[in-house]
Amino acid sequence: METTELFQRFSVALAVGLLIGLERGWQEREDNKGVSAGLRTHALSAMLGATWGAIALGTGTTGPIALGLAFLVFSLIIAFYRFREISHEGQFGTTTVVAAMMAFALGAYAIVGNYQVAAATGVAATALLSLKRALQEWVRKLTWIELRSAIVLLAMTFILLPILPNRQVPALLNLNPYEIWLMTVMIAAISFAGYIAVRVAGQKRGLLITGAAGGLVSSTAVTVTLAHVAHDYPQQKNLATAAALIAGAIMMIRVIVVVGVFNQHVMLALIPPLLSAAAVTAIAAYMLAGRELTGPGAASEIELKNPFELSTVLKFGALLAVIMLLADLAKAAAGTSGLLGLAAISGIADVDAITLTMSRQAGADVSHIVAARAIAIAVGVNTISKAAIAWLTGGRGPGLPMAIVAALAIFAAALALLLVPLGVAP
């Protein structure tokens, strides 16, 4: 290793030690106990690790053993020193010991390994140390329901999802298990995010945050969740309905953005109808939510339950599978001439699949106008579908306003098409 690179790596080790030491020293300062192991100690620990790392590089096969023994001796000394200190103070804690060990290890790794990884890890470790009070407060407020739901969601996402085949399976009528379960996980994640949003932002704004976030992922899925909220908590009906409308408006804008990534001609054709429909939907959401957000009345208390009902999630997955099967049957029966019909069927549950397909095929397999029509039909059907889902899931409370707004949004889109026809796109 050249001298210049060695100095560079030592500088990274010193910077990591200083960063960790600065945080530790500040914590000790706030606790008014004096600085026992602060800036200098951690900086020197990192430099000591870097020195032993350099020695290990220059001593051949025995280098790693020497470095390991040095780390062990250093850890024992720091642990003994900290034990004497906490025995005298009567307050126990191992964070300072682990921080010093981390400084030594990162200092050594900056020499023998990737110094960029060492620097990034040092920053992450410092950030974690600085979040002590925030993390303690969060753990104090954490409930068993929240922990259990997070574990179930992680299991659904990182254990079951990766092992599912991401292809059409003949034994399952050529359905794609991965895609179906991905949407199932999506609705569970949206429900959990909505629960956390309500906990953090309050019952009023939390529902609206849920709708906005859900619209970026799946407005259909978030409509199912919010319709359940409107049904279970009638006092929150208007806010839940407004949140579902916000999800729909954001979905329309998201479609424009996604199409623009792949085909700007189709995007230009879709801007007038979709923006008009999104504007009508957003205005309706504001009218529903504005009075309750700014009015003098306090938010009605909601008894927070399970962040997501597994039965609801599984039912949604089954419904999606049926719709995907029907779409495949329609395509096989009608061929390319049934493209618009397929778009309508696809839009019942989701607009992303048909949006991506048409955006990529526009100008090649299909014309820009046909692609834009297919996407517009899918969005329109999806808007009507969500109103029906809200009515079936949550009853007349959320269903009627969403049906009225869906009709107004489609009318606005049709009016925009009269003024700026799709045919203006190249």
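The values are calculated or read from the model by the stated rules, or taken from the named source; none is laboratory data. As the structure is a prediction and not an experimental result, all values here were calculated from the model. For neighbour counting, all protein chains shown are included, and Cβ atoms are generated from backbone atoms with ideal geometry for every residue, glycine included.
Within 23 Å of Leu288 (Cβ to Cβ) and buried (at least 18 other Cβ atoms within 10 Å of the Cβ): which single residue out of Ala372, Ala406, Ala376, Ala362 fits that description? Full working, then the answer.
Numbers: Ala372 fails: within 23 Å of Leu288 (Cβ to Cβ); Ala376 fails: within 23 Å of Leu288 (Cβ to Cβ); Ala362 fails: within 23 Å of Leu288 (Cβ to Cβ).
Within the list Ala372, Ala406, Ala376, Ala362, the selection yields Ala406.
Residues that are at pLDDT 80 or above and under 30 Å from Thr3 (Cβ atoms): which helices (runs of 4 or more DSSP H) entirely in region 111-182 hold 1 or more of them? Even if it seems obvious, please write down each step before you answer.
Numbers: elements: 115-130, 132-141, 144-155.
Once the helices (runs of 4 or more DSSP H) in region 111-182 are filtered for at least 1 residues that are at pLDDT 80 or above and under 30 Å from Thr3 (Cβ atoms), what remains is 115-130.
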Worksheet, complete the sentence: Within region 358-391, residues farther than 19 Å from Val266 by Cα and among the basic types (Lys, Arg) come out as Lys386
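Sort out which residues of region 245-262 are over 16 Å from Thr281 (Cβ atoms) and in contact (Cβ under 8 Å) with a residue 24 or more places away in the chain, and write them in order of number.
Once the filter is applied, which keeps residues that are over 16 Å from Thr281 (Cβ atoms) and in contact (Cβ under 8 Å) with a residue 24 or more places away in the chain, region 245-262 yields Val258, Val259, Val261, Phe262.
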Worksheet item: Does Leu135 fit the bill of being free of Cβ contacts under 8 Å to residues at least 40 places away in the same chain, surrounded by fewer than 14 Cβ atoms within 10 Å (Cβ to Cβ) and under 30 Å from Gly215 (Cβ atoms)?
Response: no
Fill in: The lone exception for Thr96 - which of (1) more than 21 Å from the chain's Cα centre (by Cα); (2) farther than 30 Å from Gly49 by Cβ it fails
(2)
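Condition check ((1) touching a residue at least 40 places away in the same chain (Cβ under 8 Å); (2) over 20 Å from Thr355 (Cα atoms); (3) not assigned by TED's automatic domain parsing to the domain that holds Ala279) across all residues:
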position: Arg396; (1), (2), (3): no, yes, no
position: Met402; (1), (2), (3): yes, yes, no
position: Leu408; (1), (2), (3): yes, yes, no
position: Ala414; (1), (2), (3): yes, no, no
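Among helices (runs of 4 or more DSSP H) lying entirely in region 317-426, which contain 3 or more residues that are at pLDDT 85 or above and over 27 Å from the mean Cα position of the chain (by Cα)? Quick ask: steps written out before the conclusion?
Values: elements: 339-346, 352-361, 368-394, 396-419.
The helices (runs of 4 or more DSSP H) meeting that bar are 368-394, 396-419.
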Practice prompt. Test Val261 against the stated conditions and say whether it is crowded, with 24+ Cβ neighbours inside 10 Å, at pLDDT 70 or above, of a type outside the set (Gly, Ala, Ser) and farther than 23 Å from Glu146 by Cβ.
Written response: no
Worksheet, complete the sentence: Expected output for region 225-244 (first residue closer than 11 Å to Ala390 by Cβ and in contact (Cβ under 8 Å) with a residue 40 or more places away in the chain, partner of a type in the set (Phe, Trp, Tyr) and assigned to a helix (DSSP H, G or I), Cβ below 7 Å, 6+ apart or cross-chain) is none
